[in-house]
Amino acid sequence: MKDHRDSSKGERDRLYAPDAVFRLPVYLDGAGGAPSRRQRGSAGGELCERGNELLTHEIEMIEAVK
């Protein structure tokens with residue numbers, strides 16, 4: 001490995017994308033994932049959409065209690 005790297009010709013923020021959307025993976029165990037998969041199959045939606053709905057509902061319940 002080199003002792004020194006030459007970064008004099010580097011470009012700042014070359015890979016920066018201000019409108020980038022980050023999609024984080026969510027891993028569900030068997031007990032948590034099975035009901036979501038069954039509901040997804042019957043409703044025809046994607047698992048991530050169902051997860052967003054569940055999280056939104058939980059956040060609304062928490063805000064209502066405050």
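Readers should treat all values here as calculations from the given coordinates under stated rules, not as data from a laboratory. Keep in mind that this is a model prediction, so the values were computed, not measured. Note that each Cβ is placed from the backbone with ideal geometry, even for glycine, and that neighbours are counted across all protein chains shown.
At a glance:
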item	result
Computed E for Glu49/Ala17 - FRET, C-beta separation, R0 30 angstrom, nearest 0.05	0.80
Karplus (6.51, -1.76, 1.60) ³J(HN,Hα), θ = phi - 60°, over the range 51-66, in Hz, Gly and Pro reported as x	x, 5, 4, 5, 5, 4, 4, 5, 5, 5, 5, 5, 5, 5, 6, 4
